[in-house]
Amino acid sequence: MSATLPAHARDDLVEMTQAALDDVRLERLRAQTALLATASPFYRERLRATGPPTTFEELAHVAPTTKADFLGAPEDFRLRLGSDAPAEEQALAYLIYTTGTTSGRPAPLYITAADDWAYQLHARRCAQILGFGAEETIANLFPLTPFPMGARIRTDRTAAALGTALVQGHTGSAHPDWPVHRRLDEAIDLVHTHRATVLWGVSGFVRRFVIRAAERGVDLGHVRWCFITGEATSPARMADLRARLTAAGADGARVVDRYGSTEGWSMVACDGAHGWHNPSPEDIYLEVVDPVTHLPVPDGEEGALLLTHLRARGTALLRYAVGDVARLTRGRCPGCGRIGERLLAPPVRTGGLTKVNGTLVNTGAIVDALASVSGLREWRVATEYATAGQELSGDALVVEIAPEPGVLTGDPSALADVQARVADLVRTQAHLAPTVRVVEADDIFTPTRETKPRRYIERRVPGTGGAA
Ligand SMILES: [Zn+2]
């Protein structure tokens, strides 16, 4: 299934020496931070006392920029370039938005023409690493949301950069005044009509897309690649998706877990399983730092992941904490020979820890483990008060499951068996007995309405009730 590389595919990250990369990065760091010190309202303040860093050692002493800094005042991160700047650096190409937080509005990222072109070069590098060529037909399965989602627009830009064909799924929450969204089945029909070879979307959505196609008997044998993003994955989840693809006729499809963020770009693994590559080390600089001192930790050690834009001209970030814990190495890849940072393990979203009746529970680990339970269409973990609304009634760890239709309509013992396996697994993981509740799949995740499944929900609201 080797794909033909596009004609432009000179693999510069293999040819480049470390010294040459270091030189380019240092030159760009100096130009970028000098620009931030005048053109960025946020960094003008932050760098006022010290002046712009001129080496990566000096950069390591600049305070990280937090998500709260950026989401709280996104306009302060937009560069104000003078009229003498090149046209492509001044011209706004488009806006994308962060996926937002549970509390805040999504923040806009300004993308100039130069930023868009840089992203297109990045998309080509990703394709080189994956061995992915212009002959593909990409199905963009990211939803059409009111705040344009970075991943959806970047998928289009990737098709443009590589010269592939493109099919738009265009699903999303239906709007009464703007009836432009397609239903899931319409998106499946389009993907099949155009014999799309690449499914690209949020992993939970792609999974439901494939399940629904299999249910309708739509043969996805034309699919050769499945790019998933937006949710933490685990070996169990990858295995589940491969099994779902096989059931839909796409048994040879290669599943690629792309790690990325709206503020940063995507990282992809090469064939050799040597971690996720930073495909654009000239434009994005990565650090893993101690969460307290914010100084870089030695290669291979765990810490908070920070990214620095070395050549951004719209929205520009310096030492931005993406909110993930990661391990990183800077050596040349022993598999493919490329240079640039690699993340050594799937980054872990921070914030998966909570307490249930005083016991620390990693809800993220439970969510991952549940992916290995066969017979589940959807699943979700929730923490609740044992009696709804009654804080003093104690806590309950709840697992909501939506079994496969066959489990519900078949032998009655099949459902009891699934429930027992779920309860056993949670007891093993968390040393707590969960309440297992059976719900509808769409109660957990409605693919046409939500961007991605929320696999964990906190329903306890302190101070809202007395004793039961
Ligand atoms: Zn590699």
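The values are calculated or read from the model by the stated rules, or taken from the named source; none is laboratory data. Computed from a prediction, not measured in an experiment: that's the story for all the values here. Counting neighbours? That spans all protein chains shown, and the Cβs are built from the backbone with ideal geometry, glycine included. Keep in mind that these areas ignore ligands, DNA and RNA; they rest on the heavy atoms of the full protein, side chains included. Shrake-Rupley method; radii C 1.70, N 1.55, O 1.52, S 1.80 Å.
So, in region 316-334, of the ones that are of a type in the set (Lys, Arg) and not in a strand (DSSP E or B), which residue ends up nearest to Glu89 (Cα to Cα)? Break it down stepwise before answering.
Looking only at region 316-334, we keep the residues that are of a type in the set (Lys, Arg), and these are 319, 327, 330, 332.
Checking which are not in a strand (DSSP E or B) leaves us with 319, 330, 332.
Details: Arg319: 22, Arg330: 30, Arg332: 32 Å.
Checked region 316-334; the qualifying residue nearest to Glu89 (Cα to Cα) is Arg319.
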*Could you count how many residues in region 187-199 are open to solvent by 10 Å² or more (accessible area, probe 1.4 Å) and out of contact with any Asp or Glu (no Cβ under 8 Å at 6 or more places or on another chain)?*
5
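Run down Leu245, Leu241 and say which single residue is closer than 17 Å to Asp368 by Cα, aliphatic (A, V, I, L, M) and open to solvent by less than 30 Å² (accessible area, probe 1.4 Å). If you could, list the steps in order and put the result at the bottom.
Numbers: Leu245 fails: closer than 17 Å to Asp368 by Cα.
Among Leu245, Leu241, only Leu241 is closer than 17 Å to Asp368 by Cα, aliphatic (A, V, I, L, M) and open to solvent by less than 30 Å² (accessible area, probe 1.4 Å).
Only one residue in Arg313, Arg338 is more than 16 Å from the ligand (Cβ to nearest atom), within 30 Å of Ile111 (Cα to Cα) and assigned to a loop (DSSP other than H, G, I, E, B). Which one?
Numbers: Arg338 fails: more than 16 Å from the ligand (Cβ to nearest atom).
After applying the criteria, what remains is Arg313.
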*Could you please find all residues in region 37-67 being within 17 Å of Val289 (Cβ to Cβ) and either at pLDDT below 95 or not in a loop (DSSP other than H, G, I, E, B) (or both)?*
Arg46, Phe56, Glu57, Glu58, Leu59, Thr65, Thr66, Lys67
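Considering only residues that are of a type in the set (Gly, Ala, Ser) and either farther than 26 Å from Ala49 by Cα or open to solvent by 20 Å² or more (accessible area, probe 1.4 Å) (or both), which ones fall in region 60-78? So that I can check it myself, show each step before the final result.
We begin by selecting, within region 60-78, every residue of a type in the set (Gly, Ala, Ser); these are 60, 63, 68, 72-73.
Matches in region 60-78: Ala63, Ala68, Gly72, Ala73.
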*Neighbours by Cβ (under 6 Å, 6+ apart or cross-chain): first from region 192-205, in a strand (DSSP E or B); second open to solvent by 10 Å² or more (accessible area, probe 1.4 Å)*: Val202/Gly230; Val202/Lys452
*Residues being over 30 Å from the mean Cα position of the chain (by Cα) and either basic (Lys, Arg) or open to solvent by 90 Å² or more (accessible area, probe 1.4 Å) (or both): count how many of those fall in region 45-57.*
4
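Could you tell me whether Val289 is open to solvent by less than 30 Å² (accessible area, probe 1.4 Å) and more than 25 Å from Leu71 (Cα to Cα)?
Numbers: open to solvent by less than 30 Å² (accessible area, probe 1.4 Å): yes; more than 25 Å from Leu71 (Cα to Cα): no.
No; evaluated as a whole, the condition is false for this residue.
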*Report the residue count in region 331-371 for those that are open to solvent by 40 Å² or more (accessible area, probe 1.4 Å), closer than 22 Å to Leu307 by Cβ and at pLDDT below 80.*
5
*Looking at this structure, is Leu81 over 18 Å from Pro146 (Cβ atoms), part of a loop (DSSP other than H, G, I, E, B) and open to solvent by 20 Å² or more (accessible area, probe 1.4 Å)?*
yes
*Hey, could you check region 263-277 for residues that are within 13 Å of the chain's Cα centre (by Cα) and part of a loop (DSSP other than H, G, I, E, B) and say which is nearest to Pro74 (Cα to Cα)?*
Glu263
*Using the structure shown, decide if Thr262 is free of Cβ contacts under 8 Å to residues at least 12 places away in the same chain, away from the ligand (no atom under 16 Å from the Cβ) and β-branched (Val, Ile, Thr).*
no
_The conditions are (1) away from the ligand (no atom under 16 Å from the Cβ); (2) in a loop (DSSP other than H, G, I, E, B); (3) polar (S, T, N, Q), and Ser280 fails exactly one of them. Which is it?_
(1)
*Evaluate region 384-405: report whether one residue or more is of a type in the set (Gly, Ala, Ser), buried (at least 17 other Cβ atoms within 10 Å of the Cβ) and not in a strand (DSSP E or B).*
no
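Would you mind finding the one in Val268, Val288 that is over 26 Å from Ser40 (Cα atoms) and either among the β-branched types (Val, Ile, Thr) or away from the ligand (no atom under 16 Å from the Cβ) (or both)?
Val268
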